[in-house]
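One structure is given below, encoded as structure tokens.
The values are calculated or read from the model by the stated rules, or taken from the named source; none is laboratory data. The model shown is predicted, which means the values in this text are computed figures rather than measured ones. In this analysis, Cβ positions are derived from the backbone assuming ideal geometry, glycine residues included, and neighbour counts consider all displayed protein chains.
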Ligand code: AMP
Ligand code: GLY
């Protein structure tokens, strides 16, 4: 079996590490990969959908797994399927549940899924008139993909008006901001739940806590994720029950009523409040850094569960009864201005954790930083303290210029 994994973050490194010991897999390719994936297979520098399709046809790829949202929203699954290529992920139309917040909000409202009250706007003046009647804080979202930057929590009318102006008139996110979702602010804690879909049923993984803010103590700007832990220590069985009844089940019914039978991942971004668990968003893929801790705890053979889902078979997910911690090491300044190109030293001396490179590339026998999120360190233990001690011990072993990481991942 030959596998192609699309993406180049630590998420894709975690998938590759999970698959690497499977003897049925003869070769893994990565588009475009990173320093970890280069050790496990071959990196391919092709990023157009047509280019990837031609590559998969030429190399007779048996299975393609897609990490990031952009190729899904651009229709990679449709293109691969049309050419008889096996691929795990939603078609373009289904990926709109992530690609269009207006569409996903309407989907949630239509199917009685517990979510923040919201309205969709296509016209600038209507959005402005609306926020003038509202209380603050208020959440303003660009409907389209904006690289995780399209959500603003406006604390007052002035900020709301200037956000609407920058999204709809200045078009800071291009077409992504011509339609807005404006919704009530929910106070609580966030949890991520990712489920496998076999086209008929959704099979949720352990709940994950993702640390989104750049600074320790949840300070500073939002990022792609600075660390994660699983199972989420705050998310109780009562929350799980609330999620299954008011979000998971109606989502499944909604998908079925739209005749959507996709095989891939669906990610529920949840906000747990005093009044219960609400759905903030869907992502139609695995999360990063959620995947790193999920893969660390997943007992099943990943290749088997994906193939079973593709065949429409039910799966029985099993997770180790342990705690997992993922610490993301970044380039200082992330998510804003960063400098890269620095050598990463001592990663081979790490003994307690798994090192999963992201924004890092091999050059000769050196590994250099290339991005904001440089690598993830992942460890498990009987307690969070034990897992946490391992990743922090290893973080102190690794060195590169401008290294930065949060000090409080796994502390609650
Ligand atoms: P989204 O892409 O819709 O998940 O939004 C990104 C982030 O914005 C979320 O992870 C939350 O931290 C925050 N957020 C989104 N919607 C709300 C809301 N209704 N209330 C409070 N925070 C929100
Ligand atoms: N960690 C959230 C995401 O992958 O979008």
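Report every pair of residues separated by at least 6 positions or lying on different chains whose Cβ atoms are under 9 Å apart, first residue within region 335-356 and on the phi > 0 side of the Ramachandran plot, second assigned to a strand (DSSP E or B) and modelled with pLDDT of 95 or more.
Correct list of pairs: 341/368; 341/369; 346/399.
Checking the condition in a strand (DSSP E or B) and either under 23 Å from residue 109 (Cβ atoms) or under 16 Å from the mean Cα position of the chain (by Cα) (or both), which residue from 227, 254 passes?
None of the others qualify; the one that does is 227.
Count, please, the residues in region 253-266 that happen to be away from ligand 2 (no atom under 16 Å from the Cβ) and crowded, with 18+ Cβ neighbours inside 10 Å. Before you say what the answer is, go through the steps one by one.
Initial filter on region 253-266 (away from ligand 2 (no atom under 16 Å from the Cβ)): 253-263.
Next, only the ones that are crowded, with 18+ Cβ neighbours inside 10 Å stay: 255, 262-263.
The number of residues fulfilling the criteria is 3.
Identify all residues within region 17-42 that are part of a helix (DSSP H, G or I), crowded, with 20+ Cβ neighbours inside 10 Å and in contact with a strand residue (DSSP E or B) (Cβ under 6 Å, 6 or more places away or on another chain); write none if there are none.
Scanning region 17-42 gives 35, 36, 37.
Might you let me know whether region 43-63 holds any residue that is more than 16 Å from ligand 1 (Cβ to nearest atom), in a helix (DSSP H, G or I), closer than 28 Å to residue 151 by Cβ and free of Cβ contacts under 8 Å to residues at least 40 places away in the same chain?
Checked against the condition, which is being more than 16 Å from ligand 1 (Cβ to nearest atom), in a helix (DSSP H, G or I), closer than 28 Å to residue 151 by Cβ and free of Cβ contacts under 8 Å to residues at least 40 places away in the same chain, region 43-63 yields at least one hit.
Would a scan of region 161-169 turn up a residue that is away from ligand 1 (no atom under 12 Å from the Cβ) and either touching a strand residue (DSSP E or B) at 6+ places or on another chain (Cβ under 6 Å) or outside any helix (DSSP H, G or I) (or both)?
Of region 161-169, the ones away from ligand 1 (no atom under 12 Å from the Cβ) are 161-169.
Retained after the next criterion (residues that are either touching a strand residue (DSSP E or B) at 6+ places or on another chain (Cβ under 6 Å) or outside any helix (DSSP H, G or I) (or both)): 163, 167.
The answer is yes, given that some residue of region 161-169 is away from ligand 1 (no atom under 12 Å from the Cβ) and either touching a strand residue (DSSP E or B) at 6+ places or on another chain (Cβ under 6 Å) or outside any helix (DSSP H, G or I) (or both).
For region 85-140, give me the residue count where each residue is more than 16 Å from ligand 2 (Cβ to nearest atom), in contact (Cβ under 8 Å) with a residue 40 or more places away in the chain and assigned to a strand (DSSP E or B).
9
Scan region 172-193 for residues that are touching a helix residue (DSSP H, G or I) at 6+ places or on another chain (Cβ under 6 Å) and under 30 Å from residue 305 (Cβ atoms) and jot them down.
Result: 192, single match.
With the checklist (1) modelled with pLDDT under 95; (2) closer than 22 Å to residue 109 by Cβ in hand, flag the one item residue 147 doesn't pass.
(2)
Pick from 236, 191: which is away from ligand 2 (no atom under 16 Å from the Cβ) and either within 30 Å of residue 354 (Cα to Cα) or surrounded by 15 or more Cβ atoms within 10 Å (Cβ to Cβ) (or both)? Don't jump to the end; show me each part of the working.
Numbers: 191 fails: away from ligand 2 (no atom under 16 Å from the Cβ).
That would be 236, the only listed residue that is away from ligand 2 (no atom under 16 Å from the Cβ) and either within 30 Å of residue 354 (Cα to Cα) or surrounded by 15 or more Cβ atoms within 10 Å (Cβ to Cβ) (or both).
For the condition out of contact with any strand residue (DSSP E or B) (no Cβ under 9 Å at 6 or more places or on another chain) and surrounded by 19 or more Cβ atoms within 10 Å (Cβ to Cβ), what is the one hit in 85, 145? Even if it seems obvious, please write down each step before you answer.
Details: 85 fails: out of contact with any strand residue (DSSP E or B) (no Cβ under 9 Å at 6 or more places or on another chain).
Just one listed residue meets the conditions, 145.
Here is a check on your reading of the model: is residue 315 surrounded by fewer than 17 Cβ atoms within 10 Å (Cβ to Cβ) and touching a helix residue (DSSP H, G or I) at 6+ places or on another chain (Cβ under 6 Å)? So that I can check it myself, show each step before the final result.
Working: surrounded by fewer than 17 Cβ atoms within 10 Å (Cβ to Cβ): yes; touching a helix residue (DSSP H, G or I) at 6+ places or on another chain (Cβ under 6 Å): yes.
Here the answer is yes, as residue 315 does meet what is asked.
Residue 269 - would you say it is at pLDDT 95 or above, surrounded by 22 or more Cβ atoms within 10 Å (Cβ to Cβ) and part of a strand (DSSP E or B)? Give the derivation first.
Details: at pLDDT 95 or above: yes; surrounded by 22 or more Cβ atoms within 10 Å (Cβ to Cβ): no; part of a strand (DSSP E or B): yes.
Taking the combined requirement at face value, the residue does not satisfy it.
Please work out which residue is farthest from residue 329 (Cα to Cα), limiting yourself to region 203-217 and to residues that are over 16 Å from the mean Cα position of the chain (by Cα) and in a strand (DSSP E or B). So that I can check it myself, show each step before the final result.
Here is the first cut: in region 203-217, the residues over 16 Å from the mean Cα position of the chain (by Cα) are 203, 214-217.
From what is left, the residues that are in a strand (DSSP E or B) are 203, 214-215.
Working: 203: 31, 214: 11, 215: 12 Å.
Checked region 203-217; the qualifying residue farthest from residue 329 (Cα to Cα) is 203.
Go through region 275-303 and count every residue that is more than 14 Å from ligand 1 (Cβ to nearest atom) and surrounded by 24 or more Cβ atoms within 10 Å (Cβ to Cβ).
7
What number of residues in region 154-172 are in contact (Cβ under 8 Å) with a residue 24 or more places away in the chain and either within 16 Å of ligand 2 (Cβ to nearest atom) or loosely packed, with under 14 Cβ neighbours inside 10 Å (or both)?
Here the count works out to 1.
Can you find a residue in region 377-384 that is under 25 Å from the mean Cα position of the chain (by Cα), surrounded by fewer than 24 Cβ atoms within 10 Å (Cβ to Cβ) and at pLDDT below 95?
No, the conditions are met nowhere in region 377-384.
Of the numbered conditions (1) within 13 Å of ligand 1 (Cβ to nearest atom); (2) surrounded by 16 or more Cβ atoms within 10 Å (Cβ to Cβ); (3) modelled with pLDDT of 95 or more, residue 223 satisfies every one except a single condition; which is it?
Among (1) within 13 Å of ligand 1 (Cβ to nearest atom); (2) surrounded by 16 or more Cβ atoms within 10 Å (Cβ to Cβ); (3) modelled with pLDDT of 95 or more, the lone unmet condition for residue 223 is (3).
Only one of these is in contact with a helix residue (DSSP H, G or I) (Cβ under 9 Å, 6 or more places away or on another chain), in contact (Cβ under 8 Å) with a residue 12 or more places away in the chain and within 27 Å of residue 16 (Cα to Cα): 325, 272. Name it. Full working, then the answer.
Working: 272 fails: within 27 Å of residue 16 (Cα to Cα).
Among 325, 272, only 325 is in contact with a helix residue (DSSP H, G or I) (Cβ under 9 Å, 6 or more places away or on another chain), in contact (Cβ under 8 Å) with a residue 12 or more places away in the chain and within 27 Å of residue 16 (Cα to Cα).
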